[in-house]
Amino acid sequence: MILSTVISQLCEGMVTSIEIFLLTLLFSIPLGLVIAGGRMSKFKPLQWLMKIYISIMRGTPLMLQLIVVFFGPYYIFGMTLSPEYRMVAVIIAFSINYAAYFAEIFRGGIESIPKGQYEAAQVLGYNKIETFFIIILPQVIKIVLPSITNEVITLVKDTSLSFVIAIPEMFTVAKQIAAADASISALLVAGVFYYVFNVFVAFVMERFEKRLSYYD
């Protein structure tokens, strides 16, 4: 296969991988925060519903969740699926999966905040929403950032699982090229991409963490 064609195909796959990565973070982090709130709710049915959701998402393979989200509408509801739904299914599956992990990370961070912080905010005249977003959440972000970084790095590698529903991300394209050329060169290039991408993500998250360490 001509080198320029190989590079072009790998770049297209790389763009798809980055798109999956960014869209998953965009949806899963806010969703994780919402789920964490439900998980800590005093309304028991909601609390147990969130616990069951988190248990299922963390206890079953992401690959299986991808398959269920993609094929479920057809086999359960008889819906005709358009080709564009492949990417939508990937984002949905990745987002609901990672939201479960982020929810537990956020829950741990929120529960680590001393109750005195809430009492002090009440004395200062803050309501519950203001207390959470102005006082609690900034502290929680600082506490959970190392754990969030680990999940984000895992997400970079997990984008390769999109191959199960034939999304042409980096790893899928590399496998196709390797099969056509009977060579592992394309797979090695894909490996380098994932490594460099993870190094970049770790660097960005480390810089962000240092910016939050203004009192250390």
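The values are calculated or read from the model by the stated rules, or taken from the named source; none is laboratory data. Since this is a predicted model, take the numbers as computed values, not measurements. Every residue, glycine among them, receives a Cβ derived from its backbone with ideal geometry; neighbour counts consider all protein chains shown. Each accessible area value is taken on the protein alone, full model and side chains, heavy atoms only, with ligands, DNA and RNA left out. Shrake-Rupley method; radii C 1.70, N 1.55, O 1.52, S 1.80 Å.
Listed values, structure above:
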{"quantity": "Within the stretch 107-134, considering residues that are part of a helix (DSSP H, G or I), at pLDDT 85 or above and touching a helix residue (DSSP H, G or I) at 6+ places or on another chain (Cβ under 6 Å), the one nearest to Leu212 (Cα to Cα)", "calculated": "Gly109"}
{"quantity": "Residue, surrounded by the most Cβ atoms within 10 Å (Cβ to Cβ), within the stretch 51-97, restricted to residues that are within 20 Å of Ile20 (Cα to Cα) and among the basic types (Lys, Arg)", "calculated": "Arg86"}
{"quantity": "Test result for Leu81, part of a loop (DSSP other than H, G, I, E, B) and of a type in the set (A, V, I, L, M, F, W, C)", "calculated": "yes"}
{"quantity": "Single residue of the stretch 141-190 satisfying the filter (open to solvent by 50 Å² or more (accessible area, probe 1.4 Å) and among the charged types (D, E, K, R)) that is nearest to Ala202 (Cα to Cα)", "calculated": "Lys157"}
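Here is a yes/no grid of residues against (1) assigned to a loop (DSSP other than H, G, I, E, B); (2) buried (at least 19 other Cβ atoms within 10 Å of the Cβ); (3) at pLDDT 95 or above; (4) not hydrophobic (A, V, I, L, M, F, W, C):
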| site | (1), (2), (3), (4) |
| --- | --- |
| Gly13 | no, yes, no, yes |
| Thr16 | no, yes, no, yes |
| Thr24 | no, yes, yes, yes |
| Phe27 | no, no, yes, no |
| Trp48 | no, no, yes, no |
